[in-house]
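Undergrad: Just dropping this structure here.
FYI, it's all coordinate maths here, none of it is from the lab. The shown structure was predicted, so the numbers you read here are calculated from the model rather than taken from an experiment. Glycine also receives a Cβ, built like all others from the backbone with ideal geometry; neighbour counts cover every protein chain displayed.
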Amino acid sequence: MATTLDQIFILLRDWITGFLPQAWRPAAGIVLGAATIVCLFPALFALAVWMERKGLGRMQNRLGPNRVGPFGLLQPIADGIKSLTKEDIVPLNADAAVHLLAPVVLVVTVFMGFAVLPMGRNMVLVDMDAGLLFFFAMGASTEVAVFMAGWSSRNKYSLLGAMRAVAQMISYEVVLLLSGVSVVMISGSLSLVKIASAQNHYTGWLPNWYIFTPWGLAGFIMFAIAATAETNRSPFDLPEGESELVAGYHTEYSGFKFALFFLGEYLAMFSISGLGTTLFLGGWSAPLSILTWVPSWIWFFAKVMVSIFVFIWMRGTLPRLRQDQLMNFAWKFVLPFTLINLMVTALWRFMGEGWERWAVCSLILAAVFVLMGKVGMRREHLGPRSYRYAE
Amino acid sequence: MLGEGIVKGMLETAKNFAGSYVSKERLTTVEYPEERIAPIEAARVFPFLVYDGTDWESGLRCVACQICEKECPPKCIYIDKSKDKKPDALGKAQFYPSRFDIDISVCMSCQICVEVCPFEAIKMDNEFELATDDRFGGLLLDRKDLAKSNQYYHSIHPTEAAEVDARLAAEKAKADAKAKAAASAAAAKADPAAKAEGATKAKPESPMAGGD
């Protein structure tokens with residue numbers, strides 16, 4: 001029974017494709033899987049928007065939306081109808097074709113990332129050998145879409161927002177990749193399915209997730225920082241800083257195109273949370289060995305939703321960074337620390353089993369963290385500003 | 001250490017998040033159309049016209065002196081003075097406003113009309129739910145819309161209304177006394193019929209005009 005429930009989606013797919021001739025089955029299975037992903041994640045997006053608005057409201061001691069449906073649950077539907085019925089405005093001087101293409105490219109590339117994420121035992125659309133690489137490639141292509149949007153709008157705020165977004169995404173892309181590399185070093189595979197199943201065994205009750213190792217914890221924190229920046233979420237939401245850029249690269253978008261950007265942003269959040277879950281949080285494996293009877297896909301989605309909640313929590317807490325702070329943080333702290341983490345991972349790999357590697361690796365990482373935090377992130381004490389005027 | 005501040009901040013927001021579910025003090029939201037808090041006594045929105053007695057038309061205190069119309073900074077009051085005179089609440093013949101409109105889309109609730117009115121005829125209301133789907137007609141309140149009883153005035157601004165009533169009563173008493181004195185003086189001087197000219201001079205002007 002437990003295995004049936006665990007594999008219910010696979011069985012369902014096999015049952016449906018069973019009606020087709022043998023030759024069509026693989027293709028039909030892929031189409032079915034893709035259709036499921038395309039339907040499921042927008043539904044989760046609606047839920048996440050509701051969660052975000054409610055959660056932020058509670059953090060600010062407000063109620064949040066509570067008018068449409070019970071507890072405001074139908075609010076995302078109302079919002080969707082609103083944006084669908086709005087006028088689609090294209091600026092007169094905009095490059096109409098690129099302007100139209102940008103949101104589409106964004107959503108498509110973000111959706112592509114889901115193809116390689118294992119969402120449960122055997123539940124992966126394409127089991128690619130270089131799945132991680134494919135995921136990062138797709139994640140990097142979203143930058144093109146963002147810049148297309150900013151460039152084609154012919155608006156200074158759009159362009160500035162897009163430039164900020166690209167600068168930020170490229171800076172943090174490096175960190176995102178390198179923190180993923182340490183996982184690849186240990187698991188010895190670029191396939192996300194193999195990485196997830198490598199973490200699916202237990203020491204006593206406790207799981208062997210990578211986050212429960214010194215290098216894994218450090219890597220996860222760096223990954224989380226980079227993921228927040230990649231998805232343009234607060235505190236790294238400079239590309240859409242309302243106070244200075246109106247809305248950033250999607251200033252000139254309205255109606256459904258804007259909704260697509262909004263969707264793309266949340267889908268990117270889901271996919272990056274899914275990747276973080278797969279790399280560090282054991283993917284679809286249960287947090288305790290006695291809980292393995294719960295279907296694996298429940299664990300995957302539970303972990304993703306918890307990550308989403310942390311994103312929301314951070315948004316409710318932290319103020320927006322300044323551009324120079326953002327870049328300093330990326331290049332002076334996060335990147336060097338990730339590089340050192342790579343070496344610590346190598347040390348961990350070759351020190352062999354035993355408590356010594358725990359002690360040595362933890363000590364190195366803690367010392368480096370404190371030291372780099374003190375030195376690299378030292379606040380510069382600037383004197384009062386002075387101005388020189390032309391005579 | 002790096003990150004301490006973030007942890008502290010996250011704990012603070014977590015406290016607020018959880019606290020808003022348990023503590024009524026944190027979650028101060030009043031869900032307006034269903035729940036509402038009573039307006040404070042000093043609350044004021046648009047002006048209204050006070051009438052005495054039960055009939056709004058005959059009881060209006062307004063005598064169409066048009067001071068408020070002239071003083072109104074955004075010029076949102078429109079008054080037409082009547083041609084004839086009608087007895088007011090005290091039975092004295094007065095002009096009355098044959099039209100008294102306030103355009104509340106223009107009115108800025110400054111209360112200047114209330115301050116300049118010598119007859120305590122216009123006061124501030126606290127009724128703010130005046131939204132209408134008729135942009136022009138619906139926001140131009142005529143004298144029937146504006147007329148509200150003295151009892152209503154007492155119910156929304158009790159302290160102020162009591163003061164106003166006391167002032168009006170004092171004025172009335174003063175006017176009555178003056179009228180009585182004038183009447184008795186006239187009666188005394190009525191015997192020598194030759195001095196009838198003086199009696200007309202001593203006649204009181206208006207019971208309320210001398211309000212100070």
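Undergrad: Kindly state, to the nearest 0.05, the FRET efficiency for B:Ala43 paired with B:Asp103, given R0 = 22 Å and r defined as their beta-carbon distance.
TA: The value I calculate is 0.55.
Undergrad: If you rank B:Cys72, B:Cys62, A:Cys39 by fewest surrounding Cβ atoms within 10 Å, what's the result?
TA: Going from sparsest to densest Cβ surroundings: A:Cys39, B:Cys72, B:Cys62.
Undergrad: Another one. When chain A is treated as a GNM, springs tying every alpha-carbon pair under 10 Å, which of A:Gly139, A:Gly216, A:Gly316 comes out with the largest mean-square fluctuation?
TA: Highest fluctuation among the options: A:Gly316.
Undergrad: Order of A:Met51, A:Met222 from fewest to most other C-beta atoms within 10 Å?
TA: With the sparsest Cβ surroundings first, the list reads A:Met51, A:Met222.
Undergrad: Suppose only helical runs count, i.e. DSSP H with n ≥ 4. What mean residue ellipticity at 222 nm does that imply for chain A under -39500 (n - 2.57) per run, divided by all residues and rounded to the nearest 500 deg cm²/dmol?
TA: Numbers: 15 runs with 252 residues, N = 391.
The helix contribution divided over chain A gives -21500 deg cm²/dmol.
Undergrad: Nearest 10 degrees, 0 to 90: what angle lies between the long axis of helix B:158-190 and the longest principal axis of chain B (Cα atoms)?
TA: Approximately 10 degrees, to the nearest ten.
Undergrad: Quick check: pseudo-label points 7 Å beyond the Cα along Cα→Cβ at A:Thr3 and B:Gln111, how many nm apart are they?
TA: Those two pseudo-labels are separated by 8.1 nm.
Undergrad: Which percentage, to the nearest 5, of the DSSP beta bridges contained in the protein assembly as shown is antiparallel?
TA: 85
Undergrad: Something else: For B:Ala173 and B:Glu12, compute 0.36 nm times the residue count separating them, minus their Cα-Cα distance, and round to one decimal in nm.
TA: Stretched out fully, the B:Ala173 to B:Glu12 stretch lengthens by 51.4 nm.
Undergrad: Moving on to the next point. If you take every residue apart from A:His99 with its C-beta less than 12 Å away from the C-beta of A:His99, what net charge results, scoring Lys and Arg +1 and Asp and Glu -1?
TA: Net charge in that neighbourhood comes out at -1.
Undergrad: Need the full-extension length gain, B:Ala187 to B:Thr54, defined as separation in residues times 0.36 nm minus the C-alpha distance. One decimal, nm.
TA: Gain on stretching B:Ala187 to B:Thr54: 44.3 nm.
Undergrad: Checking the a/c ratio against 1.5 first, then a/b against b/c, what shape does the Cα gyration tensor give for chain A? Write out the running numbers ahead of the final one.
TA: On the way: a/c = 1.74, a/b = 1.08, b/c = 1.60.
Oblate, since a/c reaches 1.5 and b/c is not below a/b.
Undergrad: Which of B:Gly138, B:Gly53, B:Gly19 moves the most in a Gaussian network model of chain B with Cα springs under 10 Å?
TA: Residue with maximal mean-square fluctuation among B:Gly138, B:Gly53, B:Gly19: B:Gly19.
Undergrad: Could you check the simple spin-label distance between A:Ala302 and A:Ala390, using points 7 Å along Cα→Cβ, in nm with one decimal?
TA: 6.7
Undergrad: For a quick check: with amide H placed at 1.01 Å from N, whose amide H comes under 5 Å from B:Ser149's, ignoring anything fewer than 5 positions away on the same chain?
TA: B:Tyr51
Undergrad: Among rounded, prolate and oblate, which fits the stretch A:65-130 when a ≥ b ≥ c are the square roots of the eigenvalues of its C-alpha gyration tensor, a/c under 1.5 means rounded, and a/b larger than b/c means prolate?
TA: Judged from the Cα gyration tensor, the stretch A:65-130 comes out oblate (a/c at least 1.5, b/c at or above a/b).
Undergrad: OK, next. At 0.36 nm per residue, minus the direct Cα-Cα distance, what do A:Phe212 and A:Asn61 gain on full extension? Give it in nm, one decimal, please.
TA: Value of the extension gain: 50.9 nm.
Undergrad: Over chain A, with a Gaussian network built from C-alpha contacts below 10 Å, which listed residue (A:Leu56, A:Leu291, A:Leu133) shows the highest mean-square fluctuation?
TA: A:Leu291
Undergrad: Now a separate question. What's the exposure ranking of A:Phe270, A:Phe309, going from fewest to most Cβ atoms within 10 Å?
TA: Neighbour counts put them in this order, fewest first: A:Phe309, A:Phe270.
Undergrad: Any idea how far apart B:His154 and A:Leu92 come out in nm if each label point goes 7 Å out from Cα toward Cβ?
TA: 6.6
Undergrad: Something else: Pairs of Cα atoms under 8 Å, at least six residues apart: use those to get the relative contact order of chain B, whole percent.
TA: Working: 266 pairs, mean separation 41.7, N = 212.
That works out to 20 percent.
Undergrad: Beyond a 28 Å Cα-Cα separation, which of these cross-linked pairs lie in this structure: B:Lys86/B:Lys123; A:Lys303/A:Lys332; B:Lys81/B:Lys189; A:Lys82/B:Lys8; B:Lys75/B:Lys178?
TA: A:Lys303/A:Lys332; B:Lys81/B:Lys189; A:Lys82/B:Lys8; B:Lys75/B:Lys178
Undergrad: So for the stretch A:75-373, averaging the separation of alpha carbon pairs under 8 Å that are six or more residues apart and normalising by length, what relative contact order in percent results? The partial results should precede the final answer.
TA: Values: 467 pairs, mean separation 74.8, N = 299.
For the stretch A:75-373, the relative contact order is 25 percent.
Undergrad: Compute, for the stretch B:47-156, the length of the dipole vector about the Cα centre, with Cβ point charges of +1 (Lys, Arg) and -1 (Asp, Glu) only. Units Debye, rounded to 20.
TA: My answer is approximately 460 debye.
Undergrad: What FRET efficiency, computed as 1/(1 + (r/R0)^6) with R0 = 45 Å and r the Cβ-Cβ distance, is obtained for B:Ala166 and B:Glu25, rounded to the nearest 0.05?
TA: According to the calculation, E is roughly 0.65.
Undergrad: Could you name the lysines in cross-link range of A:Lys86, using Cα to Cα under 28 Å and dropping any fewer than eight places away on the same chain?
TA: Leaving aside lysines fewer than 8 places away in the same chain, those within reach of A:Lys86 are A:Lys54, A:Lys156, A:Lys257.
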